[in-house]
Amino acid sequence: MKIKIKNILLGCCLAASAMSYAQKEEAQPKNIILLIGDGMGLSQVSAAQFYGENKPNFERFNNIGLIKTSSAHQLVTDSAAGATAFACGIKSYNGAIGVDVDKNPVRNIVDYASNKGMATGLISTSSIVHATPASFFAHVDSRRKYPEIATYLPTSEVDFVAGGGLQFFDRREDGKDLIKTLKENGFEVTTEKLPSITSTKKQAILLADDAMPKMSENRGDFLPEATALALDHLSQNKNGFFLMVEGSQIDWGGHNNDADYLVSELIDFDKTIGVALDYAKKHKNTLVIVTADHETGGFTLAAEGTNYHKIKMEFSTGGHSATMIPVFAKGPGAEKFRGIYENNDIFTKMVSSLNKKEKNQPK
Ligand SMILES: [Zn+2]
């Protein structure tokens, strides 16, 4: 009888320690993939359900939250302040790229991750110097200063970039040859097409002068394929990686009040989410977060008048709106992304995962 009790107690202890071990493990992702659908509010996400051919990848997430997106000075944020909140953890003014309200540079997640020995990557369907990706490597007081933003990339901690923006590197008014500077800083530069494999060198893949083409103009599978390539490249680092992937042109469909443009970009983004989730399924220590900087277009899926059998995609503005934005998370630490919180808490939650990693994981 005594032995039996002992066994039960021992069993409990083992179960408890296994659980606390599992919990510890759960809170420490090795890899973080942050996917940003620029301008993607809940109606945009819902469009994937009605207009996609397959079941949306959004439905594969089990932890959902909402963020409030106002910037430091404006009720309605722009992409620069929105991305700076994610990248640097602060609320700044609309137009700010990695700087605070006093225009001082603020350390970004790429630097935090790199400091922990992780590899880092940025992918965008806009120019790589556009507001969202720029906020992850540059510190400039205005999003419009594209040539200045570009000068930050060669010496940044970024190991992999893919997107457009070539003209800001190879055809500059100041005569600087930033392609040369990228190479001098250890980058392999690709400008023709997405390579199928990469070397161990840092990768700068700049495939368009400015933005990448629209889906309707034959961009093809650039975004999902670049994401797969980045995951392959960044996985070479045994300390893990941080990867940001932006579906930039969901926002532009919204600005243009062009529902077809919006939906085609959204479906492409959903497909890319699938690539990230499939990777995370194989590499369980990967945290995948999907969110947006703000909603664009005041987009709705309204019934067509009194006909409740039909949806009419409608817009209420050519600009952004202040509606709360969904956050989807899956993987170790994903529970942290539940609830309602400010957009800059996305940064705090990601960095707290990285900090735990340093404390608990033996070198
Ligand atoms: Zn916008």
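The values are calculated or read from the model by the stated rules, or taken from the named source; none is laboratory data. Everything numeric in this text was worked out from a predicted model, so none of it was measured. A quick note on method: Cβ atoms are made from the backbone with ideal geometry, for glycine too, and the neighbour counts reach across all protein chains shown. Side chains included, ligands, DNA and RNA excluded: accessible areas come from the protein's heavy atoms. Shrake-Rupley method; radii C 1.70, N 1.55, O 1.52, S 1.80 Å.
Scan region 260-294 residue by residue and report those that are of a type in the set (A, V, I, L, M, F, W, C) and within 16 Å of the ligand (Cβ to nearest atom).
LEU262, LEU266, PHE269, ALA292, listed by residue number.
Report yes if some residue within region 243-251 is open to solvent by 60 Å² or more (accessible area, probe 1.4 Å) and either outside any strand (DSSP E or B) or not polar (S, T, N, Q) (or both); otherwise report no.
Just the residues of region 243-251 that are open to solvent by 60 Å² or more (accessible area, probe 1.4 Å), to begin with: none.
Checked region 243-251: no residue is open to solvent by 60 Å² or more (accessible area, probe 1.4 Å) and either outside any strand (DSSP E or B) or not polar (S, T, N, Q) (or both).
Any idea which of (1) closer than 23 Å to PHE269 by Cβ; (2) away from the ligand (no atom under 16 Å from the Cβ); (3) surrounded by fewer than 22 Cβ atoms within 10 Å (Cβ to Cβ) is the one LYS214 doesn't satisfy?
Going through (1) closer than 23 Å to PHE269 by Cβ; (2) away from the ligand (no atom under 16 Å from the Cβ); (3) surrounded by fewer than 22 Cβ atoms within 10 Å (Cβ to Cβ) one by one, LYS214 breaks only (2).
Please identify the pairs in which a residue from region 245-261 that is farther than 17 Å from ILE36 by Cα has its Cβ atom under 6 Å from the Cβ atom of a residue that is away from the ligand (no atom under 12 Å from the Cβ) and at pLDDT 95 or above, counting only partners at least 6 apart or on another chain.
Between residues of region 245-261 that are farther than 17 Å from ILE36 by Cα and residues that are away from the ligand (no atom under 12 Å from the Cβ) and at pLDDT 95 or above, the close pairs are ASN257/PHE315; ALA259/MET313.
Do we find that LYS356 is modelled with pLDDT under 95, under 12 Å from PRO29 (Cβ atoms), open to solvent by 10 Å² or more (accessible area, probe 1.4 Å) and more than 16 Å from the ligand (Cβ to nearest atom) in this structure?
So LYS356 fits the description; yes.
Among the helices (runs of 4 or more DSSP H) lying completely within region 70-169, list those that include at least 1 residues that are more than 22 Å from MET350 (Cα to Cα), out of contact with any helix residue (DSSP H, G or I) (no Cβ under 8 Å at 6 or more places or on another chain) and open to solvent by 40 Å² or more (accessible area, probe 1.4 Å).
Hits in region 70-169: 146-151.
Tell me, which residue of region 252-286 that is of a type in the set (D, E, K, R) and open to solvent by 10 Å² or more (accessible area, probe 1.4 Å) is nearest to PRO326 (Cα to Cα)? Reasoning before the result, please.
Kept after step one, since they are of a type in the set (D, E, K, R), are these residues of region 252-286: 258, 260, 265, 268, 270-271, 278, 281-282, 284.
Those still in the list that are open to solvent by 10 Å² or more (accessible area, probe 1.4 Å) too: 258, 260, 270-271, 278, 281-282, 284.
Numbers: ASP258: 22, ASP260: 22, ASP270: 14, LYS271: 18, ASP278: 21, LYS281: 22, LYS282: 25, LYS284: 23 Å.
Only one residue fits best here, namely ASP270.
Residues checked against (1) in a loop (DSSP other than H, G, I, E, B); (2) open to solvent by 20 Å² or more (accessible area, probe 1.4 Å); (3) under 22 Å from CYS88 (Cα atoms); (4) at pLDDT 95 or above:
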residue: ASP293; (1), (2), (3), (4): yes, no, yes, yes
residue: TYR308; (1), (2), (3), (4): no, yes, no, yes
residue: ILE311; (1), (2), (3), (4): no, yes, no, yes
residue: GLY318; (1), (2), (3), (4): yes, yes, no, yes
residue: PRO326; (1), (2), (3), (4): no, no, yes, yes
residue: ALA329; (1), (2), (3), (4): no, no, yes, yes
residue: ILE346; (1), (2), (3), (4): no, no, yes, yes
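Would it be correct to say that ILE289 is among the aliphatic types (A, V, I, L, M), in contact (Cβ under 8 Å) with a residue 24 or more places away in the chain, open to solvent by less than 40 Å² (accessible area, probe 1.4 Å) and in a helix (DSSP H, G or I)? Break it down into steps so the answer makes sense when it comes.
Values: among the aliphatic types (A, V, I, L, M): yes; in contact (Cβ under 8 Å) with a residue 24 or more places away in the chain: yes; open to solvent by less than 40 Å² (accessible area, probe 1.4 Å): yes; in a helix (DSSP H, G or I): no.
Here the answer is no, as ILE289 does not meet what is asked.
THR306 - would you say it is of a type in the set (S, T, N, Q), more than 16 Å from the ligand (Cβ to nearest atom) and in contact (Cβ under 8 Å) with a residue 12 or more places away in the chain? It would help to see each step written out before you state the result.
Numbers: of a type in the set (S, T, N, Q): yes; more than 16 Å from the ligand (Cβ to nearest atom): yes; in contact (Cβ under 8 Å) with a residue 12 or more places away in the chain: no.
When the stated conditions are applied, THR306 does not pass them.
Among residues belonging to region 217-229 that are assigned to a helix (DSSP H, G or I) and open to solvent by 20 Å² or more (accessible area, probe 1.4 Å), point out the one that is farthest from GLU265 (Cα to Cα).
Step one: list which residues in region 217-229 are assigned to a helix (DSSP H, G or I), which gives 217, 222-229.
When the remaining residues are screened for being open to solvent by 20 Å² or more (accessible area, probe 1.4 Å), the result is 217, 225, 228.
Details: GLU217: 11, GLU225: 15, ALA228: 18 Å.
By that ranking, first place goes to ALA228.
Hey, can you tell me all the residues within region 36-78 that are within 16 Å of the ligand (Cβ to nearest atom) and either over 16 Å from GLY95 (Cα atoms) or aromatic (Phe, Trp, Tyr) (or both)? Before you say what the answer is, go through the steps one by one.
Looking only at region 36-78, we keep the residues that are within 16 Å of the ligand (Cβ to nearest atom), and these are 36-41, 43-44, 69-71, 74-78.
Passing the criteria: ILE36, GLY37, MET40, GLY41, SER43, GLN44.
Hey, among the residues in region 31-60 that are among the aromatic types (Phe, Trp, Tyr) and in contact with a helix residue (DSSP H, G or I) (Cβ under 8 Å, 6 or more places away or on another chain), which one's nearest to PHE337 (Cα to Cα)?
So in region 31-60, the residues among the aromatic types (Phe, Trp, Tyr) come out as 50-51, 58.
Subsequent filtering for residues that are in contact with a helix residue (DSSP H, G or I) (Cβ under 8 Å, 6 or more places away or on another chain) retains 51, 58.
Working: TYR51: 27, PHE58: 15 Å.
Ranking the candidates gives PHE58 first.
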